[in-house]
Structure formats: structure tokens, C-alpha cells
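The values are calculated or read from the model by the stated rules, or taken from the named source; none is laboratory data. Just so it is clear, the structure is predicted and the values come from calculations on it, not from any experiment. Cβ atoms come from the backbone with ideal geometry, glycine included; neighbour counts cover every protein chain shown. To get the accessible areas, we keep the full protein, side chains included, count just its heavy atoms, and leave off ligands, DNA and RNA. Shrake-Rupley method; radii C 1.70, N 1.55, O 1.52, S 1.80 Å.
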Amino acid sequence: DLCGIDNGGGDCVEEWVAIFGAGYYPQGDPNLVSTYTNDPNSGSYTTKGRGVFIVRVADGTILGQLSQDPNSATYSKMRYAIPAEPAVLDLNFDGFADVVFVTFIGTATTSAGRLRAISGRDGHEMFTVTNAAHALTGRANLALGNIDGDANPEIVAVQQNGRLIAFEHDGAFK
């Protein structure tokens, strides 16, 4: 198959998609103490603003969605809104566009952000940067590109202190 997946079809169909963060929602903002909740048993709990969507441009069909799931080891960490745009690039050269984004684990949406990547092939988590020294702000968009001339792309983000930081395509600090 041209897609790299043995689905019996023998070929692939390209289609335009939009990939975006779920945006801002007050219940996902820990700065708004009166409305924020991360307790799934609370009546005001919602996953709005806490996810990433992949939507077919032609008709608006949601093709993929990653959102907070309190019962998932991976997605339970998506506790806060994802206001910045996810970045999209084939990080591992498998022929599928991967999604890179920042989620928050701190007490403010400008601090303790974690860089994450999700595989475009099957949706598995490729990496999460957990080193506190590399904490990010998620209010700034990511930049992807080859900044050192090697064969792999790098990821440039904004740290919570406002400085730029670079990571390798696998999430390692550059």
C-alpha cells in the first residue's frame, strides 16, 4: 500500500484536514478559581478546551479527537485548555503527519506546560517532555523546522520565562 498501512486497498486517498487545539474555556483555566475544576465527579466539570481535533475540511467531519480522559494514563494529563495551535509535521518520517502541542500541568496556563507529540499513524503518544527545567508556556505557538542542518526536524517553543528553547524531533532537549 502507498499509505504504509496494509488495509487491503492498495492505495491512499489524500484529503485536506484542519488540526487545532480545543481553545480556551473558563473551566479549563486554573487562574479562574471560581470556575476551574479538574474533578470529573463535579457537576461543572467539562472537557471543553482540553483537547486537539482533526477535522475534514470538505465537510467538517471530526476524524480524530484527543481530549482529556480521567481514566486514561496518557490523556488524564490534559487537564487545562490548549489555547495555542498544535504544530503538524512528520517527525519520524513514517509518511504520516504527527501532531505536536503543549498541555499544562501547573497552576496557571502560562506555566508548567509540557511538550507532547501524538503519532499521525495511529494516535499513540510519541513523547512527553517532563523535565521541569524545560517547562513551556502554551500561549505561544510552536515552530517546526530543521535548524541545525541534520536529517531531522527540530521543535522550537517558548519557555515559561519567555526564552526560546529547542527540542529534537523525539522530544530530547537540543
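Structure notes:
- Among residues of segment 145-173 that are under 21 Å from residue 103 (Cα atoms), those with a beta-carbon under 6 Å from a residue that is hydroxyl-bearing (Ser, Thr, Tyr) and open to solvent by less than 40 Å² (accessible area, probe 1.4 Å) at least six positions away or on a different chain give the pairs 158/137; 160/111; 160/137.
- Selection status of residue 101, aromatic (Phe, Trp, Tyr), outside any loop (DSSP other than H, G, I, E, B) and modelled with pLDDT of 90 or more: no
- Take the conditions (1) at pLDDT 70 or above; (2) more than 27 Å from residue 112 (Cα to Cα); (3) part of a loop (DSSP other than H, G, I, E, B); residue 36 misses just one of them, which is (2).
- Qualifying residues in segment 36-63 (those that are of a type in the set (Val, Ile, Thr) and closer than 24 Å to residue 85 by Cβ) - the one least open to solvent (accessible area, probe 1.4 Å): 52
- Test set (1) at pLDDT 70 or above; (2) among the small types (Gly, Ala, Ser); (3) under 24 Å from residue 167 (Cβ atoms); (4) assigned to a loop (DSSP other than H, G, I, E, B) - residue 108 fails condition number: (1)
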